[in-house]
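Step one of this worksheet: look at the structure below.
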Amino acid sequence: MPESMPTPETPAILPTATVADAATRLGIAVQTGPQLLRPLLPGRIFAGPAMPVTHLGSVDVILETIDDSPSGGVLVVDNGGRRDEACVGDLLALEAKLAGLSGIVIWGLHRDTAQLREIDLPLHSLGAYPYGPRRVPPAGRRMAIAMLDGVRVSEGDHIVGDDDGILVVGPARRNELFELAASIQSTESAQSDRMRAGTDLRTQLDFAGYRKKQASDPRVTLRQHLKDTGSAIET
């Protein structure tokens with residue numbers, strides 16, 4: 001993970017779990033990608049503007065998407081979840097990396113697995129398959145939309161991905177979401193550091209104080225106690 005502190009402008013350092021916690025606190029609906037998607041490179045966090053495309057059997061629309069992408073964008077390829085062809089291989093992944101993209105998400109399969117690991121660009125897909133497309137693709141311009149098993153990804157969305165999965169963050173209140181996520185991450189990192197130094201979590205959270213509050217008023221929740229004390233943990 002990068003050493004710099006997270007900010008709304010650099011959400012790549014924010015784990016999906018932290019963003020999800022922030023979404024829960026703010027009551028913002030953030031969609032999750034299909035659980036069937038798996039990272040090719042475990043341990044990598046990536047994020048950026050969504051650059052979606054519907055794959056129709058030819059690389060031209062994917063190259064067009066890369067050509068249109070801002071630096072840090074995330075290529076999102078909708079191949080309909082097909083299991084009979086791979087739609088992204090080493091050349092497209094290397095092209096995406098050279099163009100400054102931060103990751104690739106494929107609702108479908110990839111190939112050239114060994115080369116993709118060498119390229120070292122984060123990629124989530126349904127798995128690997130040796131054959132590329134063998135169908136005859138129609139001519140046409142890029143369809144700038146992707147469906148990840150029913151989850152719609154459009155330009156204007158933001159993708160966050162890591163070993164826990166893929167989040168599709170819409171534009172509404174996004175800066176607020178990332179600001180809170182960065183704050184949660186900072187709090188939890190400090191708690192983790194204190195635990196490694198020997199101070200257990202219950203002491204940090206004043207869990208004894210919470211139990212006293214709850215004994216006198218069973219309506220008191222741990223989440224409310226954490227809010228009152230400025231602490232954080234999954235609840």
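Some points to look at:
- Probing with 1.4 Å while keeping every protein chain in the model, the per residue accessible area of the chain equals 52 Å².
- Global geometry of region 107-148, whether rounded, prolate or oblate, following the gyration tensor of its Cα atoms and the 1.5 cut on a/c: prolate
- Cα-projected label distance for ARG173 with ALA215, points at 7 Å along beta-carbon direction, nm: 3.7 nm
- In loop segments of region 128-210 as defined by DSSP, the trypsin sites (Lys or Arg not before Pro) with at most 11 further C-beta atoms inside 10 Å of their C-beta are ARG134, ARG135, ARG141.
- Local electrostatic count at GLU85 - Lys and Arg +1, Asp and Glu -1, tallied over other residues with Cβ under 11 Å: +4
- Local electrostatic count, ASP217, Cβ distance below 15 Å [Lys/Arg +1, Asp/Glu -1]: +4
- Expressed as a whole percent, the accessible surface of the chain that belongs to carbon and sulfur atoms is 52, based on a 1.4 Å probe.
- The distance linking region 159-235 with region 110-137 is 38 Å (Cα centroid to Cα centroid, whole angstrom).
- Shape category assigned to the chain from the gyration tensor of Cα positions, a/c cut at 1.5: prolate
- Modelled spin labels at ASP67 and MET195, positioned 7 Å past Cα toward Cβ, are 5.0 nm from each other.
- Helical runs (DSSP H, four residues minimum) scored at -39500 (n - 2.57) apiece and divided by the length of the chain put the mean residue ellipticity at 222 nm at -10000 deg cm²/dmol.
The values are calculated or read from the model by the stated rules, or taken from the named source; none is laboratory data. The structure presented is a predicted model; accordingly, all values stated were derived computationally and were not measured. Here the Cβ is made from the backbone with ideal geometry for all residues, glycine too, and neighbour counts use every protein chain on show. Only protein heavy atoms, including side chains, enter the accessible area calculation; ligands, DNA and RNA are left aside. Shrake-Rupley method; radii C 1.70, N 1.55, O 1.52, S 1.80 Å.
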